[in-house]
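The values are calculated or read from the model by the stated rules, or taken from the named source; none is laboratory data. Remember, it's a predicted structure, so these values are computed and weren't measured experimentally. Here Cβ is always computed from backbone atoms with ideal geometry, including for glycine, and neighbour counts include all displayed protein chains.
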Amino acid sequence: MKSLLCSIILSGILFTGSCKSKKNATEAATNNNTSTSTSTSTTTEQVKNLVQKYRLIVSFYSIGTGVNGNAITKLDNFLSKHPKKPQSEILRRGREGETEYLFNLKELSDSEKVAFITEIKNLIGNLELVRIEENAERSKN
């Protein structure tokens, strides 16, 4: 009889302890899910902040043989001689000299923007390994 009573008491203690462990595990899982969703939304927000829209993007890309250096030289010469000296951000990517020129063109009027873009397209738009995009978004990383 004493052993039966001891067994019941011992079982009750073990059962109560395991319930608390499950409750703690459930709370921990809920907290983890909350922090993960907060972390995910923060990461998404950070990515949105890194992406920016540009009026003009000129990309010099490679398909395994390097970029078109002649086209880059033509663009650099054009920019250095342009009277308004439009500001650009230059991103260098990859091992073969991949380069992007990112232009906001805020210093130009609307008609000057159209003329500037047309001049660049005429200068290097038909050359190999050159991509020209208007009103495009780009990440800086």
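Screening Asn141, Asn104 for residues that are modelled with pLDDT of 95 or more and polar (S, T, N, Q) leaves exactly one candidate, Asn104. If you filter the stretch 107-141 down to residues that are part of a loop (DSSP other than H, G, I, E, B) and not charged (D, E, K, R), you find that the one that is surrounded by the fewest Cβ atoms within 10 Å (Cβ to Cβ) is Asn141. Restricted to the stretch 93-106, and to residues there that are out of contact with any Pro (no Cβ under 8 Å at 6 or more places or on another chain) and not in a loop (DSSP other than H, G, I, E, B), the residue that is farthest from Gln52 (Cα to Cα) is Glu98. Identify the residue in the stretch 90-101 that is charged (D, E, K, R) and either closer than 19 Å to Gly125 by Cα or surrounded by fewer than 12 Cβ atoms within 10 Å (Cβ to Cβ) (or both) and, among all such residues, is modelled with the lowest pLDDT. Residue satisfying both the conditions and the ranking: Arg95.
Residue pairs whose Cβ atoms lie under 6 Å apart, sitting 6 or more positions apart in sequence or on different chains, and linking a residue in the stretch 111-123 that is under 15 Å from Ser59 (Cα atoms) to a partner that is among the hydrophobic types (A, V, I, L, M, F, W, C) and exposed (fewer than 15 other Cβ atoms within 10 Å of the Cβ), are Leu123/Phe78.
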